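Trainee: Structure below; questions to follow.
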Amino acid sequence: MNTEFKSRNENFREYVASKMEANKFAPFIGLKFTEIEEGRISGTLDFEEKHKQQNGYLHGGVTSAILDMVQGFASYTLVENGQFVFTVEAKISYLNRGMGTKFYAAGWVIKPGKRFHFCEGEIWYMDEAGQKIIVAKGSATMAVV
């Protein structure tokens, strides 16, 4: 599957960075974006007390929000300057408990279009043995307006 796409905005990194700066929820939860590439965004989250659900694991709502943001910003990397991206559909599969001290997330576009982008993403942690443990996978449809 082709996941290498060309942006319609030659200054896509600056455009996406401006959208990230305007997003007040990412810094509120502590999500830090680490990579901006055409069709792909990555980030990290240091696990804090405020991220825990009732059993001490990463809350599903935090997981969902992170997946939404990395997929949405991945979509932003491919649009024209001045266009907006909105989530119109999302699905999340929770695969493992979020038990790490640091979480990693990535979102990518699998099929861009003029009006909709189809995206996927995942959030994971590294266990004590250095194994990647996927907490959740997501898919989303982003409207481009």
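The values are calculated or read from the model by the stated rules, or taken from the named source; none is laboratory data. Remember, predicted model here, so these are calculated numbers, not experimental data. Positions of Cβ are backbone-derived with ideal geometry, glycine not excepted, and every protein chain shown enters the neighbour counts.
Trainee: Just the residues that are within 21 Å of Pro112 (Cα to Cα), without any contact (Cβ under 8 Å) to a residue 60 or more places away in the chain and part of a loop (DSSP other than H, G, I, E, B), please, taken from the range 30-46.
Mentor: Hit for the range 30-46 is Glu38, nothing else.
Trainee: Any residue at all in the range 27-42 that is hydrophobic (A, V, I, L, M, F, W, C) and over 22 Å from Lys132 (Cα atoms)?
Mentor: Checked against the condition, which is being hydrophobic (A, V, I, L, M, F, W, C) and over 22 Å from Lys132 (Cα atoms), the range 27-42 yields at least one hit.
Trainee: Next question. Does any residue of the range 72-86 turn out to be outside any loop (DSSP other than H, G, I, E, B), hydroxyl-bearing (Ser, Thr, Tyr) and surrounded by fewer than 16 Cβ atoms within 10 Å (Cβ to Cβ)?
Mentor: No.
The rows are residues; the columns are (1) in contact with a Phe, Trp or Tyr (Cβ under 7 Å, 6 or more places away or on another chain); (2) assigned to a loop (DSSP other than H, G, I, E, B); (3) surrounded by fewer than 12 Cβ atoms within 10 Å (Cβ to Cβ).
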| position | (1), (2), (3) |
| --- | --- |
| Phe5 | no, yes, no |
| Glu10 | no, yes, yes |
| Met20 | yes, no, no |
| Phe28 | no, no, yes |
| Lys50 | no, no, yes |
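Trainee: A further question on this structure: Name every residue in the range 97-117 that is crowded, with 16+ Cβ neighbours inside 10 Å and either without any contact (Cβ under 8 Å) to a residue 24 or more places away in the chain or within 20 Å of Ile29 (Cβ to Cβ) (or both), in order of residue number.
Mentor: Residues satisfying the conditions are Gly98, Gly100, Phe103, Tyr104, Ala105, Ala106, Gly107.
Trainee: Kindly indicate whether Thr63 is part of a helix (DSSP H, G or I), of a type in the set (Ser, Thr, Tyr), closer than 23 Å to Ala143 by Cβ and under 13 Å from the mean Cα position of the chain (by Cα).
Mentor: Answer is yes for this residue.
Trainee: When you scan the range 66-74, do you find a residue that is modelled with pLDDT under 95 and aliphatic (A, V, I, L, M), even just one?
Mentor: No: zero hits.
Trainee: Another question, if that's okay. So Tyr125 ticks every box in (1) under 16 Å from His51 (Cα atoms); (2) under 13 Å from the mean Cα position of the chain (by Cα) but one. Which box is left unticked?
Mentor: Single failed check for Tyr125: (2).
Trainee: Additional query: Please tell me if Tyr104 is closer than 19 Å to Ile36 by Cβ, in a strand (DSSP E or B), at pLDDT 95 or above and not small (Gly, Ala, Ser).
Mentor: yes
Trainee: Right, another one. Please give the number of the condition Gly121 fails out of (1) assigned to a strand (DSSP E or B); (2) surrounded by fewer than 18 Cβ atoms within 10 Å (Cβ to Cβ).
Mentor: Every condition holds for Gly121 apart from (2).
Trainee: Turning to a different aspect of this structure: Here's a check for you: in the range 124-145, which residue that is touching a Lys or Arg at 6+ places or on another chain (Cβ under 7 Å) and more than 22 Å from Ser75 (Cβ to Cβ) is surrounded by the most Cβ atoms within 10 Å (Cβ to Cβ)?
Mentor: The residue in question is Tyr125.
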